[in-house]
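Here's the structure we're looking at; comments come further down.
The values are calculated or read from the model by the stated rules, or taken from the named source; none is laboratory data. What you see is a predicted model; the values in this text were computed from it and never measured. Virtual Cβ from ideal backbone geometry, glycine too; neighbours counted across all protein chains shown.
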């Protein structure tokens, strides 16, 4: 998780001359952020079993960047929702869940004998996890996301219905 934040800040530093320049239109900054920086932040996010603190770290890093190129600081007391609307992006937590559920659909529609299907979705319940192993697994994260978003696993086989149910629209 820390690696993704570092990679994202590296992309930010490479483009900070453009993103922090007041002469560059806000719309161009927004598009650049959505196409270069955010994908670096969410790279391989489909496979992460994220804890709340991981999502919080990503959210804090994203909001710092968005405030920075909008020309605001935390002292200005501008709400996050206002900044998200101004930039035209959805919260990173929702996009992270969307990526994870999109990958879940990909795994779900594979035949049962495929290794990725067996390794991810079919776990043995009575196995004790080893010492220093994460307590939260990817499939538990997906189950939590499906429950939070009120989606049934059965519609994963219907592509259009699934995409509509997990779509996070950009404001």
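Against the conditions (1) assigned to a loop (DSSP other than H, G, I, E, B); (2) at pLDDT 90 or above; (3) closer than 19 Å to residue 166 by Cβ, residue 78 satisfies every one except (3). Only helices (runs of 4 or more DSSP H) whose full extent lies in segment 90-166 are considered here, and the ones with at least 3 residues that are modelled with pLDDT of 85 or more are 92-108, 138-148, 159-166.
Return a yes/no flag: does segment 73-81 have any residue that is on the phi > 0 side of the Ramachandran plot and free of Cβ contacts under 8 Å to residues at least 40 places away in the same chain. Checked against the condition, which is being on the phi > 0 side of the Ramachandran plot and free of Cβ contacts under 8 Å to residues at least 40 places away in the same chain, segment 73-81 yields at least one hit.
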